[in-house]
Amino acid sequence: MTSSDVLLFLTGLLTLFCPPVAMPMYAAVTGHFPDATQRQIALRLFVWIAAAMVAAVWGGQFLLRMLGLTLGALTLTGGLVLCLWSIPMMRGTQADKDERRGGTGRLEHAQWRGYIAVPLIFPLSIGSAVISLVITTASRFHTVGDLCIVSAACVLHAGVIALTYLCSGSWCKRLSEMGRTIIERLSGIVLTAIAFQMLAQGIRELLPGLAS
């Protein structure tokens, strides 16, 4: 694996993540938490994203074959879960606001833990396209040395994601309550659009006859 291959791989990951797009959506989800909690979330995300991507490098193909799953099925499931999560955010329902903003301490800890998997990791940070890129790259460069390089690149990318989210906290502070509400609604619309796109892509991959 040459340096050009590594640079191309990192460029592909960064393009799929797109920090300017991810920052406002992340701020809309976590902006109501204290600074310490936001830093804790970013650290957790770094660990989990790095672990998920490295696991995809070393065992992604084997796991999909063992479970009989396809990337299309994962995309469809992720789109459905994201759709259920993002629609209340788009509508700005009062019950959802009360649930996310009320309470501190143990309740707050339970709240942000519920955001880790969906939508912060999947699909905001890594989606089916990222996993597909990682698995495809690992299948092309399959020696132990190359897999270690790909894994290191994945950890570096996870660090870029965490750094982006750390910067989102200070960016969110500059917004008024009205600004945060607008960003939250717009982010909900974008996430819902992504969810429907994932649903369509998953259906197209699982049932290719429908696309013809």
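The values are calculated or read from the model by the stated rules, or taken from the named source; none is laboratory data. No experiment lies behind these values; they were computed from the predicted model shown. Virtual Cβ from ideal backbone geometry, glycine too; neighbours counted across all protein chains shown.
Just a few scattered comments:
- Condition broken by Ile194, with the remaining ones in (1) modelled with pLDDT under 80; (2) out of contact with any Pro (no Cβ under 8 Å at 6 or more places or on another chain); (3) not polar (S, T, N, Q) satisfied: (2)
- From the list Ile161, Ile182, Ile131, the lone residue that is part of a helix (DSSP H, G or I), modelled with pLDDT under 80 and of a type in the set (A, V, I, L, M, F, W, C) is Ile182.
- Residue check for Gly59: surrounded by fewer than 17 Cβ atoms within 10 Å (Cβ to Cβ) and more than 18 Å from Val118 (Cβ to Cβ): yes
- Hits in region 139-154 - residues which are within 16 Å of Thr11 (Cα to Cα), in contact with a helix residue (DSSP H, G or I) (Cβ under 8 Å, 6 or more places away or on another chain) and not polar (S, T, N, Q): Ile149, Val150, Ala153, Cys154
- Residues that are free of Cβ contacts under 8 Å to residues at least 24 places away in the same chain and within 30 Å of Pro208 (Cβ to Cβ) were ranked within region 22-63; the one that is farthest from the chain's Cα centre (by Cα) is Phe62.
- Qualifying residue in region 98-105 (condition: crowded, with 17+ Cβ neighbours inside 10 Å and either at pLDDT 85 or above or outside any helix (DSSP H, G or I) (or both)): no
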